[in-house]
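*Asks:* Take this structure, written in structure tokens, and hold onto it; I'll ask about it next.
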Amino acid sequence: MDGIHDLGGRQGFGAVAVDEPDEPFHQPWEGRMWGIARAFGGVSGWSIDWWRHGRELIDPVDYLTRPYYDQWMQNYAALLVDSGVATVDEVACGHASTAPAATKPPMNLEQVAVAKAAMARFDRPHDGAPAFAAGDRVRTKALGSAGHTRLPGYARGRTGVIHACHGGHVLPDASARGEERAEPLYSVVFEAAELWPEAGGRRERVFIDLWESYLDRA
């Protein structure tokens, strides 16, 4: 989906801040937001891709001006209402009026560690042989997805070369819709000048992990 979140390769948004302090949270409430987020593991039907799609729907002005964890808070509030776990009034007042039936009790620290380890892998079995092999020239789809996708805007309609195939992995576009479907995942290498014409004559290359449905044979 084309949205304000997809800023890769764009200009006009100022310099990237690289002098952030080392502390994990700038304010105590940010740490609380992180803890609240970790406790949401019992909500049925949620996935990292559904969560990302929610953030991508944030109003552009909010996305660019609200602090990072403030965006998290806005996104989780929307996901709670969308999933039927809470109502708008409950989110606004901070108190539940009914006990949600679709959730489990909040996870403790040990359960969070187990859940994080289980979520660390997204490789899955995939039926059939990959359509491409290392060395094949491919061209990315020119059009974006109506929902969540991991094909960045700056790499659409561009020609690259398959560097490696990583086997089947959960397709984020389907996962954001609640469907777990595996596709071959490739590492595709692009010359910098293919992505940004002003880079002509430079030797830099960009490696992007892309799913099979994002690619056509060039």
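The values are calculated or read from the model by the stated rules, or taken from the named source; none is laboratory data. None of the values given here were measured: they were computed from a predicted structure. Neighbour counts run over all protein chains shown; Cβ positions are idealised from the backbone, glycine included.
*Asks:* Out of everything in segment 106-124 that is in a loop (DSSP other than H, G, I, E, B) and modelled with pLDDT of 80 or more, what residue ends up being nearest to the chain's Cα centre (by Cα)?
*Replies:* Here is the first cut: in segment 106-124, the residues in a loop (DSSP other than H, G, I, E, B) are 106-108, 120-122, 124.
Next, only the ones that are modelled with pLDDT of 80 or more stay: 121-122, 124.
On the way: 121: 15, 122: 13, 124: 18 Å.
Filtering first and then ranking leaves 122.
*Asks:* Looking at segment 1-50, which of its residues are surrounded by 10 or more Cβ atoms within 10 Å (Cβ to Cβ) and farther than 25 Å from residue 150 by Cα?
*Replies:* 25, 26, 27, 29, 30, 31, 32, 33, 35, 36, 39, 42
*Asks:* Same structure again: Tell me which strands (runs of 3 or more DSSP E) are completely within segment 125-218 and hold 3 or more residues being within 17 Å of the chain's Cα centre (by Cα) and either under 21 Å from residue 6 (Cβ atoms) or touching a residue at least 12 places away in the same chain (Cβ under 8 Å) (or both), or say none if there are none.
*Replies:* Values: elements: 137-140, 159-170, 182-191, 205-211, 215-217.
Once the strands (runs of 3 or more DSSP E) in segment 125-218 are filtered for at least 3 residues that are within 17 Å of the chain's Cα centre (by Cα) and either under 21 Å from residue 6 (Cβ atoms) or touching a residue at least 12 places away in the same chain (Cβ under 8 Å) (or both), what remains is 182-191, 205-211.
For (1) part of a loop (DSSP other than H, G, I, E, B); (2) touching a residue at least 24 places away in the same chain (Cβ under 8 Å), each residue gets a yes or a no:
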position: 4; (1), (2): yes, yes
position: 10; (1), (2): yes, yes
position: 16; (1), (2): yes, no
position: 19; (1), (2): yes, no
position: 22; (1), (2): yes, no
position: 25; (1), (2): yes, yes
position: 30; (1), (2): no, yes
position: 34; (1), (2): no, yes
position: 39; (1), (2): no, yes
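*Asks:* Here's another thing I want to ask about it. Counting only residues that are touching a strand residue (DSSP E or B) at 6+ places or on another chain (Cβ under 8 Å) and surrounded by fewer than 18 Cβ atoms within 10 Å (Cβ to Cβ), which one in segment 137-149 is nearest to residue 214 (Cα to Cα)?
*Replies:* 141
*Asks:* If you go through segment 148-164 one residue at a time, do you hit one that is more than 26 Å from residue 58 (Cβ to Cβ), hydrophobic (A, V, I, L, M, F, W, C) and at pLDDT below 95?
*Replies:* In the first step, residues of segment 148-164 are kept if they are more than 26 Å from residue 58 (Cβ to Cβ); the result is 157-164.
After this cut, where a residue has to be hydrophobic (A, V, I, L, M, F, W, C) as well, the list is 161-162, 164.
Add one more test, that the residue is at pLDDT below 95, and what stays is none.
No - not one qualifying residue is present in segment 148-164.
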